[in-house]
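Just dropping this structure here.
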Amino acid sequence: MDLKLELIVLPVSDVDRAKAFYEAAGFRLDLDAAASEDWRAVHFTPPGSECSIIFGKGLTHLAPGSVQGLYLIVSDIEEAHADLVGRGIEVSEVFHDAGGIFHHGHDAGRIVHDGPGQERVAGPHPDRDSYGSYATFSDPDGNGWVLQEVRQRAPGR
C-alpha cells in the first residue's frame, strides 16, 4: 500500500502576508477560497513537489510559527539558495555538519546542533555528498524550512 504525504497545514497569523511570502518564494498558488469571514484556505505547492501546504483561517488551532523542520529537497543547494535570495527571501548561509551527520533538531527555522560532530560549518559539504548540505529559512510567522541537497537518492527512495 502506498501512503503519500499530500498536504501540510501551516499555522499563520496573517493569511495575506503568508500568501505574499509563498508567492515570492516561487510556490504555485493552487487555491484561495473563503467560505465565510471565519474560514479561508490558501493552498500552495512548492515547484516540483507532490506535497503541498495549506494555511488560512479556521484550519488549525496550532500557534502561528509552530511547524518546524519542513524539508525541501534540491539538487543544487547553491542554485536554490541564490534563487530564493533573488526572490527576496532571507535564507541562512549554505552549511554542512562537521561530522557529516544529517539529522538535526529544529528551533524557529534554525537547525539546532547539540551533538558531537554536528557543529555547523559554512559552505556545502566538501564532497557535495547527498543529504549533506543545507540552508534554512522561515516564513513571516516562523514556520521553519530546511533546504537539503540530494544529488543522488539513497536506494529505495
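The values are calculated or read from the model by the stated rules, or taken from the named source; none is laboratory data. Everything numeric in this text was worked out from a predicted model, so none of it was measured. Cβ: placed from backbone, ideal geometry, glycine included. Neighbour counts: every protein chain shown. Keep in mind that these areas ignore ligands, DNA and RNA; they rest on the heavy atoms of the full protein, side chains included. Shrake-Rupley method; radii C 1.70, N 1.55, O 1.52, S 1.80 Å.
At a 10 angstrom cut-off on C-beta neighbours, averaged per residue, how do the peptides 2-10, 68-76 rank from highest to lowest?
On the way: 2-10: 10.1, 68-76: 16.7.
For the peptides 2-10, 68-76, the packing ranking is 68-76, 2-10.
Over the Cα atoms of the range 26-94, compute the convex hull volume and normalise it per residue, giving Å³. Could the numbers behind the result be given before it?
Details: hull volume 8.1 nm³, N = 69.
Hull volume over Cα atoms, normalised by residue count, gives 117 Å³.
Determine the gain in length on full extension of the stretch MET1-ASP14; use 0.36 nm per residue of separation and subtract their C-alpha separation, reporting nm with one decimal. Mind showing how you got there, number by number?
Working: separation 13, 0.36 × 13 = 4.68 nm, distance 3.79 nm.
Working it through step by step, the gained length comes to 0.9 nm.
Quick check: residue separation of ARG153 and ALA98 times 0.36 nm, minus the Cα distance between them. What number comes out in nm?
So the chain would gain 17.7 nm between ARG153 and ALA98.
Calculate how steeply helix 77-86 sits against the longest principal axis of the alpha-carbon atoms of the chain, using the helix alpha-carbon long axis, and give the answer as 0 to 90 degrees to the nearest 10.
With both axes taken from Cα atoms, the answer is about 40 degrees.
Shifting gears a bit: From the residues VAL121, GLY88, PRO47, which one has its Cα farthest along the dipole of the chain in the positive direction, the dipole being from +1 and -1 charges on Cβ of Lys/Arg and Asp/Glu about the Cα centre?
So the residue furthest toward the plus end is PRO47.
Which value in deg cm²/dmol, rounded to the nearest 500, describes the helix-derived mean residue ellipticity at 222 nm for the chain, given -39,500 (n - 2.57) per DSSP H run of n ≥ 4 and division by the residue count?
Working: 2 runs with 20 residues, N = 157.
For the chain, the value works out to -3500 deg cm²/dmol.
By how many degrees, 0 to 90 and rounded to 10, does the Cα axis of helix 15-24 deviate from the longest principal axis of the chain?
40 degrees
From largest accessible area down, sort ASP139, ASP127; use a 1.4 Å probe on the protein chains.
Values: ASP139 10, ASP127 115 Å².
Solvent-accessible surface, decreasing: ASP127, ASP139.
Considering only VAL121, VAL67, VAL12, give the residue with the highest GNM mean-square fluctuation for the chain, with springs between Cα atoms whenever their separation is below 10 Å.
VAL121
Same structure again: Calculated FRET efficiency, SER49 and ARG120, Cβ-Cβ r, R0 25 Å, to nearest 0.05? Let's see the in-between values first.
On the way: r = 26 Å, r/R0 = 1.04.
The value I calculate is 0.45.
Let me ask something else about it. Suppose every Lys and Arg Cβ carries +1 and every Asp and Glu Cβ carries -1, with no other charges. What dipole size does the chain come out with about its Cα centre, to the nearest 20 debye? If you can, show how the numbers build up before the last one.
Values: 13 positive and 25 negative charges, 44 e Å.
About 220 debye.
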